[in-house]
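What follows is a short report on a single structure.
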Amino acid sequence: MKVLNIGSERTTYRVEISYSPLFEAALGIAAATYDQLHHTMEHPPAYWRQLLDELVPSVRQEVDYAKEHNTWKTLLQLLDLCPFTDLDSFLSYVSELSTEQLRYEALPYLGENMQEARRNAARGSKDDCAVLQEACRAHLFFESYIGHITSVDAEELRSHILRLMEGWYTSHIKPQEDVIARMLERDWSQKQAKLGKLSPEALVEYATGSSYLPEPAVTRVLLIPQAIYRPWTVQADADGTKIFYYPVADENLHDAVDPYQPPPSLVQALKALGDEHRLRMVKMLAEKDLSLQELTDQLSMAKSTVHHHLSMLRSAHLVETTGSRYRLRRHTLDKLPLVWDEFLDRSTS
């Protein structure tokens, strides 16, 4: 068959990079309330318990509310709207939003075809709320989150968001605000210097450690460095935009690098590989992609145990998911000798 192409060539997205300690606060709340993920993060579970224990009771109450209803998502949705200069500018913006706009911005973006339903749900349409919920039944929490956002009193939601953000930021970000800002700026500068030198796809992989191919509806990728959620990259969607809250690179974490401090990515990888069952999984996935059920059957282990091991491998970026199947990321394994060499050859003078 002969085909005459009269369409345009497939184009890629443009990359923008932004940073703010405000994101560190919102993601800190998200991480602190996600108990199931604590064993896969660089900070140990005790760290997250301490963060919560240090909060005054009134703020702890707001964090508990955020854990129940996933309203940390609302914080991120609002922060993604524009580059807020500081906490006060963000709080002022939220305070001045109309109730309808607050609900609309809090609801997740589910694609251009769902935007009308999103607007109508923000106005109080129960039918359109049901449409949104039906569109994301498979998501971990979106269905209940949408139900809460569309049913809770808007002023209650606003007050909660204001108290939650101000309380967490004052307690955990403000005391080290300058240090956090310098760290984020170092990483922002490093990635900004790559703009124009790397292709958009290469820059996204350089920052996140994962590839992201162009999608027809996505014209912009927003990269936002964060340290609190390391080693995870958190993904989100906005109108025409894919957002990656990616982990700050090891070399940008501190003003001065201890030459004897191993890179956390190396530690994470070695922890993930330092288990017989996980090494078996690596071998199996090196042969072919497998589903959770297939791995469970081959290993003769409980599905929850296999899922735990896969979470460890994923947190070290050794394994990724493609649909319902797990795939070994060979290039991460291939890079380990280079990370070793960089660490061992690091100057101590």
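The values are calculated or read from the model by the stated rules, or taken from the named source; none is laboratory data. Since this is a predicted model, take the numbers as computed values, not measurements. Reconstructed Cβ throughout: ideal geometry from the backbone, glycine too, with neighbour counts over all protein chains shown. In case anyone asks, the SASA skips ligands and DNA or RNA and just uses the protein heavy atoms, side chains included. Shrake-Rupley method; radii C 1.70, N 1.55, O 1.52, S 1.80 Å.
For the reader, a short list of remarks on this structure follows.
- Output for the stretch 84-105, where each listed residue is over 25 Å from the mean Cα position of the chain (by Cα) and not hydroxyl-bearing (Ser, Thr, Tyr): 96, 97, 100
- For the stretch 188-203, the count of residues that are on the phi > 0 side of the Ramachandran plot and out of contact with any Lys or Arg (no Cβ under 6 Å at 6 or more places or on another chain) is at least one.
- If you go through the stretch 65-83 and keep only what is part of a helix (DSSP H, G or I), closer than 16 Å to residue 242 by Cα and of a type in the set (A, V, I, L, M), you end up with 76, 78, 79.
- Residue in the stretch 106-128 that is in contact with a strand residue (DSSP E or B) (Cβ under 7 Å, 6 or more places away or on another chain) and under 27 Å from residue 67 (Cβ atoms) present: yes
- For the stretch 62-108, the set of residues classified as touching a residue at least 40 places away in the same chain (Cβ under 8 Å) and β-branched (Val, Ile, Thr) consists of 63, 71, 74, 94, 99, listed by residue number.
- Qualifying residue in the stretch 188-206 (condition: acidic (Asp, Glu) and open to solvent by 70 Å² or more (accessible area, probe 1.4 Å)): no
- Within the stretch 275-296, not a single residue is at pLDDT below 90 and under 20 Å from residue 232 (Cβ atoms).
- The number of residues in the stretch 308-336 being in contact (Cβ under 8 Å) with a residue 12 or more places away in the chain, exposed (fewer than 14 other Cβ atoms within 10 Å of the Cβ) and over 18 Å from the mean Cα position of the chain (by Cα) comes to 2.
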